[in-house]
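Student: The structure under discussion is supplied below as structure tokens; questions concerning it will follow.
Throughout, read-outs are computed from the coordinates displayed, never taken from laboratory work. Keep in mind it's a predicted model, so treat the numbers as computed, not measured. Reconstructed Cβ throughout: ideal geometry from the backbone, glycine too, with neighbour counts over all protein chains shown.
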Amino acid sequence: MHNNPSDLIVVDQLSKYYRVANKQPGFKGTLKHFFDRKTYDVPAVTDISFKISPGEVVGFLGANGAGKTTLLKMMCGLIHPSSGLVDVGGFSPQRRQTAFLKQITLVMGQKQQLIWDLPPMDSLYVNAAVYGLSDHEAKVRINELAEMLELGEELTRPVRKLSLGQRMKSEILAALLHKPSVLFLDEPTLGLDVNAQARVRSFLSEYNKRTGATILLTSHYMADITALCPRVICIHKGKLFYDGDLDSLANSLSPSREVKVELKNPCASEQFKKYGAIQDLNDRFVCLLVSRDKLTDVVSNLLTDFDIIDLEISDPPIDQLIGELFIKGEVN
Amino acid sequence: MQRYFKTIRLFWSTAFASQLEYQLNFLIELLAMLGTLLGSVFILSLFFTGGRQLGDWTWESALVIQGVYTFLDGLTNALLRPNLTEIVNYVREGTLDYVLLKPIDSQFWLSVKKFSFAGLPEIILGLSIVFWAAIQSGSTFSSYSLFVFIISLLIGFIILYSVWFLIAASSIWFVKTWNATEVLRALLAAGRYPISAYPVILRFIFTLVLPVAFLTTFPAEAILGELKFNILFFGLILSSLFFIFSRLFWKFALKHYTSASS
């Protein structure tokens, strides 16, 4: 395989095994663990291939321990692959060349790089010096990003006194100071409240539009993925499970939609059988599962046949669908 | 190169600012340092009451060694301890990842990120003791002996740094490294007294195996104009080897880290 110039990131048959040793409980187990350690390889990522074009926003989905973080760290050069190939912008990430490092950035939701006792501004100027930015360049850049992130005087308050949301936004600012063109975000909204999550999300989407930066993102919050990522890559037990756009994932996962109806008068369940599978019937409330292609007909028939107060159509929640998918363990 | 200097400047000014965030703590650190210093001069003065000698060193020239020790101890408190004991935390908390993705030498970052200003008075005092005691012992320094003194201090510091860094870097495997600080403190403390005050076997060990002599005795001899050139030469080679080894070891450790971490 090689290499369409339009591909920014090429991952080819990538695998990573970790060598681990198990310890039996108790003193005897400890002694055995010390003197006669049995190690074996545990696959974290197995034979994964995909390509990403410049400017894409790609979400990595998977349960805990699925291998998302390992995959992300192999792409930014923190973990050496056991086999296979990673190419990011023509660089081999694991060599961590200066030119490569200046193009990328990593944000980890559960780890911070800002100096705890000082205002973010101090850490920002340290980062600027490390990346060789002049004070002027740094100032312009900080102002620009601070405005996009809606950060003001928080930047001159000690980090330890900031809220988690303010801290995360400052972390993101620090990570973007050097105008990276590839962003690796590992759970960037972890622990944030709904509003703060939404602000981080809208910032990332705006940043992507303004700069054309490529964003690779893992998140536990489905809302992050649905709001930001047209394309998702699902990892299950270290293997590539699905790679494609989010909509068709939802469609293929669930060819039906939920139609909830509130009736003026109670009706018997038999009357609804011809429209679709009855999920729920409760006095005046009916919930039907209707396949997408029949949806418009069904809705118009319902409206003519019954006295309807309220009608609501929705997708089954995607995280529920993906959860089911992982449990089923089927490849689409 | 300029980028590295600017980075150091910002590292240390932020370190200074962080320390001043906790004023009381800073004062206590200064007091503790003064206490240690007074104690060590007192112990040394005990050795010499009644005209006894340490090896063939007089009170004044032994005081030079005490001065060099104080200087190195100050440098340790200012630079080595704050930085190198922190490496364990970088590994344990996973923030080493951020350091590794910076376009700057990671060993440089980890070695100079912090600077504790509580070490500065000791550094100044140490140098003052060295020069005062050297004058008292009747030595006249030339620019040559000053130059050799600076070089031999550098040799001592690089050796101490390299050994410490090696131990700290091993935390990549052990994560919670044993208390390396104490081991190295003891090593440095052995250099408080002239190397010739120790039995022959220890003298040999302290010169060749654990190069304690290079930390204090040789710089003191340098300022007193007694250091033999071949020792200086040997010291240069030895310290370069230590330093190169620490870099190679770090590269090796990182290879392990990056192939094992998650």
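Student: Among the residues that make up segment A:8-15, is at least one of them crowded, with 22+ Cβ neighbours inside 10 Å and in a strand (DSSP E or B)?
Tutor: yes
Student: Suppose we keep only residues that are free of Cβ contacts under 8 Å to residues at least 12 places away in the same chain and assigned to a helix (DSSP H, G or I) within segment B:241-262. Which one would you say is nearest to the other protein chains (Cβ to nearest Cβ)?
Tutor: Checked segment B:241-262; the qualifying residue nearest to the other protein chains (Cβ to nearest Cβ) is B:SER259.
Student: Oh, and also: State yes or no: is A:PHE100 surrounded by fewer than 22 Cβ atoms within 10 Å (Cβ to Cβ) and touching a helix residue (DSSP H, G or I) at 6+ places or on another chain (Cβ under 6 Å)?
Tutor: On the way: surrounded by fewer than 22 Cβ atoms within 10 Å (Cβ to Cβ): yes; touching a helix residue (DSSP H, G or I) at 6+ places or on another chain (Cβ under 6 Å): no.
Judged against the criteria, A:PHE100 is not a match.
Student: Select from segment A:18-63 the residues that are within 14 Å of chain B (Cβ to nearest Cβ) and more than 19 Å from A:PHE241 (Cβ to Cβ) and list them in ascending order.
Tutor: Across segment A:18-63, the qualifying residues are A:TYR18, A:ARG19, A:VAL20, A:ALA21, A:PHE34, A:ARG37, A:THR39, A:ASP41.
Student: For segment A:103-123, which positions are assigned to a loop (DSSP other than H, G, I, E, B), facing chain B (nearest Cβ under 7 Å) and in contact with a helix residue (DSSP H, G or I) (Cβ under 6 Å, 6 or more places away or on another chain)?
Tutor: Selection gives A:GLN113, A:ILE115, A:ASP117, A:LEU118.
Student: A further question on this structure: If you go through segment A:72-91 one residue at a time, do you hit one that is within 18 Å of A:PRO180 (Cβ to Cβ), among the aromatic types (Phe, Trp, Tyr) and facing chain B (nearest Cβ under 10 Å)?
Tutor: no
Student: Does segment A:215-223 include one or more residues that are in a helix (DSSP H, G or I), surrounded by 13 or more Cβ atoms within 10 Å (Cβ to Cβ) and of a type outside the set (Lys, Arg)?
Tutor: yes
Student: Something else about it: Within segment A:146-162, is even one residue more than 13 Å from every other protein chain (Cβ to nearest Cβ), hydrophobic (A, V, I, L, M, F, W, C), in a strand (DSSP E or B) and buried (at least 17 other Cβ atoms within 10 Å of the Cβ)? Break it down stepwise before answering.
Tutor: Of segment A:146-162, the ones more than 13 Å from every other protein chain (Cβ to nearest Cβ) are A:146-155, A:162.
If we keep only those that are hydrophobic (A, V, I, L, M, F, W, C) as well, we get A:146, A:148-149, A:151, A:155, A:162.
Within this subset, residues satisfying the condition of being in a strand (DSSP E or B) are none.
Within segment A:146-162 (the criterion being more than 13 Å from every other protein chain (Cβ to nearest Cβ), hydrophobic (A, V, I, L, M, F, W, C), in a strand (DSSP E or B) and buried (at least 17 other Cβ atoms within 10 Å of the Cβ)), the answer is no, since none of the residues qualifies.
Student: Taking helices (runs of 4 or more DSSP H) that do not extend beyond segment B:77-189, which have at least 3 residues that are in contact (Cβ under 8 Å) with a residue 60 or more places away in the chain and among the small types (Gly, Ala, Ser)?
Tutor: B:120-136, B:143-169
Student: Would you confirm whether or not segment B:25-43 contains a residue that is within 14 Å of chain A (Cβ to nearest Cβ) and part of a helix (DSSP H, G or I)? Walk me through how you get there before you give the answer.
Tutor: Applying the first criterion (within 14 Å of chain A (Cβ to nearest Cβ)) to segment B:25-43 yields B:25-26.
Retained after the next criterion (residues that are part of a helix (DSSP H, G or I)): B:25-26.
Yes.
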